[in-house]
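Have a look at the structure below before the remarks.
The values are calculated or read from the model by the stated rules, or taken from the named source; none is laboratory data. Keep in mind that what you see is a predicted model, and the values were worked out from it rather than measured. Cβ atoms come from the backbone with ideal geometry, glycine included; neighbour counts cover every protein chain shown.
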Amino acid sequence: MVQRVIVDSNMLQEPGLRAYFLAAPDNLVVMPDFLWAEIYKQQSIMSLASAFSVIRDFPDRLVGLRSASELACLDPRSADLVERMLYQDVPDKMRSTFEAIVLAEQGEDWVLKQLAERWSAASANMDGMLEGAEDIVQSLPEIADIFTAEEKRRCRTSSKYTLEMMEKIFGAADQLYEEFIGRYVCLSMEC
């Protein structure tokens, strides 16, 4: 049975990840788009080499998940939804990435220039994400005000949510989407 695990940059270097690959020949690792920003923001060739120290031995078992803005534009009713959520040719692209890291370690100028561009883009992307997170955090007190004291207690104690609470939660999620994410998605891609 095929198993998939979604990883972040911290999980990439875990010994457990190698054990996961070795446990079954069909086990796959799903790499979300933010993984790259996490890795590149460190702006270090040594960090890149360390980050890929486990997965470089298993390139055929890597899956690349499209960005959130791309996923938001997909029709969930599509018969080939899963395939459309994933990048194609990931194993070959990852092999090229691993080769580029070796070239960067050897001081290849053209590779170092590409890395500098990616490091810069990752830093800008992370800054934008943090800025967006601040906006969301500022909205939380307003969202909290829609819940009664009893509903807040239920949230804090993992008690069963009422139908009214669920409506409030989904309403708040819709509001956050419209204010923050919807604007980003519509500006970044045509849906």
**Complete:** When Lys41 is run through (1) under 30 Å from Asp174 (Cα atoms); (2) crowded, with 17+ Cβ neighbours inside 10 Å; (3) not hydrophobic (A, V, I, L, M, F, W, C), the failure sits at (1)
**Message:** Six or more apart or on different chains, Cβ atoms under 7 Å: show the pairs whose first residue is in region 1-23 and touching a residue at least 24 places away in the same chain (Cβ under 8 Å) and whose second is of a type in the set (Asp, Glu).
**Reply:** Val2/Asp26; Asp8/Glu38; Ser9/Glu38
**Request:** Go through region 149-182 and count every residue that is surrounded by 12 or more Cβ atoms within 10 Å (Cβ to Cβ) and polar (S, T, N, Q).
**Result:** 3
**Message:** Checking Pro76 against (1) surrounded by fewer than 11 Cβ atoms within 10 Å (Cβ to Cβ); (2) more than 24 Å from the chain's Cα centre (by Cα), only one condition comes out false. Which one?
**Reply:** (2)
**Message:** What's the total number of residues in region 138-167 that are within 23 Å of Ala72 (Cβ to Cβ) and of a type in the set (D, E, K, R)?
**Reply:** 1
**Item:** All positions within region 12-33 that are among the charged types (D, E, K, R), out of contact with any strand residue (DSSP E or B) (no Cβ under 8 Å at 6 or more places or on another chain) and outside any helix (DSSP H, G or I)
**Value:** Glu14, Asp26
**Request:** Restricting attention to region 100-119, report how many residues are in contact (Cβ under 8 Å) with a residue 24 or more places away in the chain and not hydrophobic (A, V, I, L, M, F, W, C).
**Result:** 2
**Prompt:** Filter region 34-55 for residues that are in a loop (DSSP other than H, G, I, E, B) and of a type in the set (Ser, Thr, Tyr); which is nearest to Ser120 (Cα to Cα)?
**Reply:** Ser44
**Asked** Mind checking which residues of region 60-95 are under 15 Å from Leu35 (Cβ atoms), modelled with pLDDT under 90 and among the hydroxyl-bearing types (Ser, Thr, Tyr)?
**Response** Ser67
**Request:** Provide a single number: the residues in region 60-88 that are closer than 18 Å to Asp26 by Cα and charged (D, E, K, R).
**Result:** 3
**Request:** Working carefully through the options Val29, Val82, find the one that is within 30 Å of Tyr177 (Cβ to Cβ) and either without any contact (Cβ under 8 Å) to a residue 12 or more places away in the chain or basic (Lys, Arg) (or both).
**Result:** Val82
**Asked** If Cys73 passes every condition in (1) among the hydrophobic types (A, V, I, L, M, F, W, C); (2) free of Cβ contacts under 8 Å to residues at least 60 places away in the same chain; (3) in contact with a Cys (Cβ under 6 Å, 6 or more places away or on another chain) but one, which one does it miss?
**Response** (2)
